[in-house]
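Q: Sharing a structure below in structure tokens format, with a few things to ask.
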Amino acid sequence: MTNTPQNITRRQLLRGAALVPVAGALAACATPASKAPASSSAAPVATSAANPFGVAADKPLEVWIFDGGFGTAYAKDIHQPLFKAKYPKAQIKIESTKEITKVLQPRFAGGNPPDVIDNSGANAMDFGALAQDGQLQDLAPLLDAPSWDDPNVKVRDLLDPAVVEIGTYDGKFAVLGYVNYIFGVWYSQKVFRDNGWQVPKTWDEFLKLCETIKKSGKMAPFTYAGKFPQYLYEPLLTMAAKIGGPEVLVNIDNLEDGAWTAEPMKQSAAAWAEIGAKYLMEGTAGLDHVQTQTAQNKYKVAMLPAGSWLENEQKTTTPADFEYGMFPLPDFTGSDKMPYGTLHTSPGENFIVPAKGANPQAGMEYLRAMLSKKAAGDFSELVRTVSVVKGAGEGRQLSPGAASASKAVTAAGANTVTYRWQTWYGQLKDEAIAATGELMTGGLTPDKYLERLQKKADEIKGDSSIKKFKR
Amino acid sequence: MLFQRYRRGLFITAFLAAPVTLYLVYVISPYIQAFYIATTDWRGVSATPSFIGFENFTRLFSDGIFWKAVRHNAALLVLLPLLTIVIALFFAFLLNVGGGSGGREGVRGSKLYRVIFFFPQVLAVAVVAVLFQQVFRPDGSGMLNGPLMALGIEPIGFLSNPGVAFWSVLGVMVWQAVGFYVVLFSAGLASIPRDMFEAAQIDGAGRGSLFFRITLPLLWDTVQVAWVYLGILALDVFAIVWVMTDQHGGPDFSTTVMAAEIYRNAFSYFRFGYASALGVVMFFFTVGFAIISLRLSRRERIEY
């Protein structure tokens, strides 16, 4: 009779292991348990003009802010106090993260998402997936509600119309872009003035300017965030729309046959490939946005394509007299479909209210507060950018870059274009990023480049598992 | 008698209960669930994914990028162990046996080198990745391109040229792995009886024959272990590629690997069902590799 371990047979060991409660294993699931959805869509209290969504005065509100280029101070110091002043009894919790998906995707799967999310940044959640699963609150009531400041003006009338277009998924307005991103070519007004360089109005002038800068030996003419070629397909697409009209981009968004290989796209791709071959700063392909933008701040390169967030992003490295300026894409031919000054603008910093959250009414009310003149104006000043609320920047002290971008928007008037395929079809975006890098470094000819993107677009069109959108 | 048997079982169960439960809950159960998720169209946010059978698997066969990733993993599977083991054996031999006349001494300063070689192993993978981003910078601030440009040579796009980027990744992985295997092989060398080397030297063997006739055959077991470890490293490489390369596996998907594609499909396209299907395929590749390597390594040992 021994008790040495040798006496334990494998059979006994397995039997012992079987005694271990297996139930615990089943309780830990990566897949969601389908739970009866909380029926929170009905307003808990009666609605009124002052309280259009029927917000319960004491129900807590949970807000998640993307902690990116704009920081989180604007939510804590501008938006929260405004909401709190109206609903002093409500507990309001502002949380922030750089990793929206990692933090919040499990909460959606678990059926308890927060009430407001700033779904932005490189790790934002996929809007298509959220829309497909009915996770987004319909924000139409917000558009039709009276504005925070004036009961006679609807929220809809305060907003840039692009906000509603861009925020609509499946015919439902569900995503509120808060910042108006304005795209163009950015330069130092001081450098241009000191060297007598003129903002080019036509593509020929642009090429001549590049040549002049190159010959001057003072700096490289052009660069872009080589590691992130989406910075370059932006002007390429905008110029194609300028040549062939906004429908060039609409066709691409709608995955139409031959949309990428259309003539305006060919002209634009060939034009930018020439820039890639002749006028790029050395090493561009391997540098990221911060490195190239900092090179511009150090006067190593004259121009780069970017959006109106640039000035705020670079505030720590920009010399005091740098004087950011932005110009729209030059005329490509004398017969471009759209006039000089045409801009690509796109609402960004996307706020959503989850449909299955605990308190969607307060979520919408919070957005309504954000769209007040005071909130939007304070925001613009704090983060040096342009908000989507019309006239919110009036009478405010704008920095040179923001002023230049605002002026360009006013000059463009109704001549603005935009595209949405990159948020709708992530796979196409990654393919375009990869291919654009190749185009600019000479690995792909303009024709091969467009053929490759057309092929990917066709592939997505034929893939039944990918939800399709139309505009 | 019966009580004794029972008590022993209880004793074992008491010890095993906690670890086996944890293992079942956190390892086995997610594995099984991944197989289930692979047969659904789950996009990560829905509470009720619907079953779509083997659709994800049929889709996967025409996914060019995934197969590109598989090819990169296959290339790593061959090259990473080969290069690492050759370099590590060479260093281990020099550090332990290859020095001068004695035959049992390393080259001068070998103790210091041993420490230096192990340094990369101590660094976290993410640190190594960020470090090499700087080393590989394409402009004058790059550690490699700076000197090249000073000599008037065109800078090399180590990470920005799709034809070069894969080799940069391989280089970093070898750089990081070599140190550990130098130590492993040194330990193996230490267990080879000294008289073998002495006998061989008396018979007139030079460094070359010492290595190929004595060291390598007697280290063969250790080399096989290294091969399996490095093979697994090559199959599940992720962090280096994701952190170091442009566009996470780029440029133009030239460095992407299976794990990166799984991550991309799950967390940037929100196709959790499809990503799980890729994971299942990767699982079978890994199991296949394990089986093959176990079969091939069944070989008679040299007893000494």
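The values are calculated or read from the model by the stated rules, or taken from the named source; none is laboratory data. These numbers were taken from a predicted model, which means no experiment stands behind them. Heads up, the Cβs are rebuilt from the backbone with ideal geometry, glycines too, and the neighbour counts pull from every protein chain shown.
Q: Filter the stretch B:156-182 down to the residues that are more than 16 Å from the chain's Cα centre (by Cα) and either away from chain A (no Cβ under 14 Å) or in a helix (DSSP H, G or I) (or both) and list them by number. Quick ask: steps written out before the conclusion?
A: Initial filter on the stretch B:156-182 (more than 16 Å from the chain's Cα centre (by Cα)): B:156-165.
Of everything in the stretch B:156-182, those that are more than 16 Å from the chain's Cα centre (by Cα) and either away from chain A (no Cβ under 14 Å) or in a helix (DSSP H, G or I) (or both) turn out to be B:P162, B:G163, B:V164, B:A165.
Q: For residues in the stretch B:125-155 being within 17 Å of B:P251 (Cα to Cα) and not in a loop (DSSP other than H, G, I, E, B), which is farthest from the other protein chains (Cβ to nearest Cβ)?
A: Here the residue is B:A129.
Q: Just a yes or no: is a residue in the stretch A:105-124 within 10 Å of another protein chain (Cβ to nearest Cβ), of a type in the set (G, A, S) and in contact with a helix residue (DSSP H, G or I) (Cβ under 8 Å, 6 or more places away or on another chain)? Walk me through how you get there before you give the answer.
A: First, the residues of the stretch A:105-124 that are within 10 Å of another protein chain (Cβ to nearest Cβ): A:105-111, A:113, A:122-124.
Adding the requirement that they be of a type in the set (G, A, S) leaves A:109-111, A:122, A:124.
In the following step, the residues that additionally are in contact with a helix residue (DSSP H, G or I) (Cβ under 8 Å, 6 or more places away or on another chain) were identified as A:124.
So far as the stretch A:105-124 goes, yes, one or more of its residues are within 10 Å of another protein chain (Cβ to nearest Cβ), of a type in the set (G, A, S) and in contact with a helix residue (DSSP H, G or I) (Cβ under 8 Å, 6 or more places away or on another chain).
Q: Conditions: (1) over 28 Å from A:L130 (Cβ atoms); (2) at pLDDT 90 or above. B:R213 meets all but one. Number of the miss?
A: The one condition B:R213 does not meet is (2).
Q: Where in the stretch B:197-278 are there helices (runs of 4 or more DSSP H), lying wholly inside it, with at least 2 residues that are among the small types (G, A, S) and more than 14 Å from chain A (Cβ to nearest Cβ)?
A: Values: elements: B:216-235, B:239-244, B:258-263.
Result: B:216-235.
Q: Moving on. Just the residues that are within 18 Å of B:Q224 (Cβ to Cβ) and of a type outside the set (S, T, Y), please, taken from the stretch B:67-89. I'd like the intermediate steps shown before the answer.
A: Restricting attention to the stretch B:67-89, the residues satisfying the condition of being within 18 Å of B:Q224 (Cβ to Cβ) are B:77-89.
Residues satisfying the conditions are B:L77, B:V78, B:L79, B:L80, B:P81, B:L82, B:L83, B:I85, B:V86, B:I87, B:A88, B:L89.
Q: Still on this model: Are any of the residues in the stretch A:362-369 in a loop (DSSP other than H, G, I, E, B), crowded, with 23+ Cβ neighbours inside 10 Å and modelled with pLDDT of 90 or more? Walk me through it before giving the result.
A: Filtering the stretch A:362-369 down to residues in a loop (DSSP other than H, G, I, E, B) leaves none.
Within the stretch A:362-369 (the criterion being in a loop (DSSP other than H, G, I, E, B), crowded, with 23+ Cβ neighbours inside 10 Å and modelled with pLDDT of 90 or more), the answer is no, since none of the residues qualifies.
Q: Now for a separate question. Of the conditions (1) assigned to a helix (DSSP H, G or I); (2) surrounded by fewer than 19 Cβ atoms within 10 Å (Cβ to Cβ), A:E234 satisfies every one except a single condition; which number is it?
A: Of the numbered conditions (1) assigned to a helix (DSSP H, G or I); (2) surrounded by fewer than 19 Cβ atoms within 10 Å (Cβ to Cβ), the odd one out for A:E234 is (2).
Q: Next question. Would you confirm whether or not the stretch A:63-76 contains a residue that is at pLDDT 90 or above, part of a strand (DSSP E or B) and either within 17 Å of B:V45 (Cβ to Cβ) or in contact with a His (Cβ under 7 Å, 6 or more places away or on another chain) (or both)?
A: yes
Q: Out of A:K300, A:K266, A:K278, which single residue is surrounded by fewer than 20 Cβ atoms within 10 Å (Cβ to Cβ) and within 14 Å of another protein chain (Cβ to nearest Cβ)? Please lay out each step first, then the result.
A: Working: A:K266 fails: within 14 Å of another protein chain (Cβ to nearest Cβ); A:K278 fails: within 14 Å of another protein chain (Cβ to nearest Cβ).
From the options A:K300, A:K266, A:K278, the qualifying one is A:K300.
Q: Additional query: Picking from A:Y340, A:Y299, which residue would you name as being in contact with a Lys or Arg (Cβ under 8 Å, 6 or more places away or on another chain), in a loop (DSSP other than H, G, I, E, B) and at positive phi? Before the answer, list the steps.
A: Values: A:Y340 fails: at positive phi.
Unique residue meeting the criteria: A:Y299.
Q: Follow-up question, since we're still on this one. Give B:G53, B:G103, B:G99, B:G44 a once-over and let me know the one that is more than 9 Å from chain A (Cβ to nearest Cβ), surrounded by 12 or more Cβ atoms within 10 Å (Cβ to Cβ), at pLDDT below 90 and on the phi > 0 side of the Ramachandran plot. Working first, answer last.
A: Details: B:G53 fails: surrounded by 12 or more Cβ atoms within 10 Å (Cβ to Cβ); B:G99 fails: on the phi > 0 side of the Ramachandran plot; B:G44 fails: more than 9 Å from chain A (Cβ to nearest Cβ).
Answer to the check: B:G103.
Q: Please go through (1) surrounded by fewer than 21 Cβ atoms within 10 Å (Cβ to Cβ); (2) modelled with pLDDT under 90; (3) within 9 Å of chain A (Cβ to nearest Cβ) for B:Y36 and return the number of the only condition it doesn't satisfy.
A: Here B:Y36 clears every test but (2).
Q: Looking at the stretch A:392-443, which of the residues that are farther than 27 Å from A:D160 by Cβ and of a type in the set (D, E, K, R) is nearest to the other protein chains (Cβ to nearest Cβ)?
A: Among those residues, the one meeting the criterion is A:E438.
Q: Would you be able to tell me the number of residues in the stretch B:207-258 that are crowded, with 21+ Cβ neighbours inside 10 Å, more than 14 Å from the chain's Cα centre (by Cα) and farther than 30 Å from A:A432 by Cα?
A: Residues flagged as crowded, with 21+ Cβ neighbours inside 10 Å, more than 14 Å from the chain's Cα centre (by Cα) and farther than 30 Å from A:A432 by Cα within the stretch B:207-258 amount to 2.
Q: For the stretch A:125-154, name all the residues that are charged (D, E, K, R) and either away from every other protein chain (no Cβ under 14 Å) or surrounded by fewer than 21 Cβ atoms within 10 Å (Cβ to Cβ) (or both). Write out each step before concluding.
A: Applying the first criterion (charged (D, E, K, R)) to the stretch A:125-154 yields A:126, A:133, A:138, A:144, A:149-150, A:154.
Those that are charged (D, E, K, R) and either away from every other protein chain (no Cβ under 14 Å) or surrounded by fewer than 21 Cβ atoms within 10 Å (Cβ to Cβ) (or both): A:D138, A:D144, A:D149, A:D150, A:K154.
Q: Within the stretch A:109-176, which helices (runs of 4 or more DSSP H) (wholly inside it) include 2 or more residues that are over 16 Å from A:T423 (Cβ atoms)?
A: On the way: elements: A:127-132, A:140-144, A:155-158, A:161-166.
Here the list reads A:140-144, A:155-158.
Q: In the list B:L10, B:L60, B:L22, which residue meets the criterion of being over 24 Å from the mean Cα position of the chain (by Cα), more than 7 Å from chain A (Cβ to nearest Cβ) and under 20 Å from B:F270 (Cβ atoms)?
A: On the way: B:L10 fails: under 20 Å from B:F270 (Cβ atoms); B:L22 fails: under 20 Å from B:F270 (Cβ atoms).
Criteria check complete, one pass: B:L60.
Q: Of (1) modelled with pLDDT under 95; (2) more than 30 Å from A:V63 (Cβ to Cβ), A:P305 satisfies all except one. Which?
A: Here A:P305 clears every test but (1).
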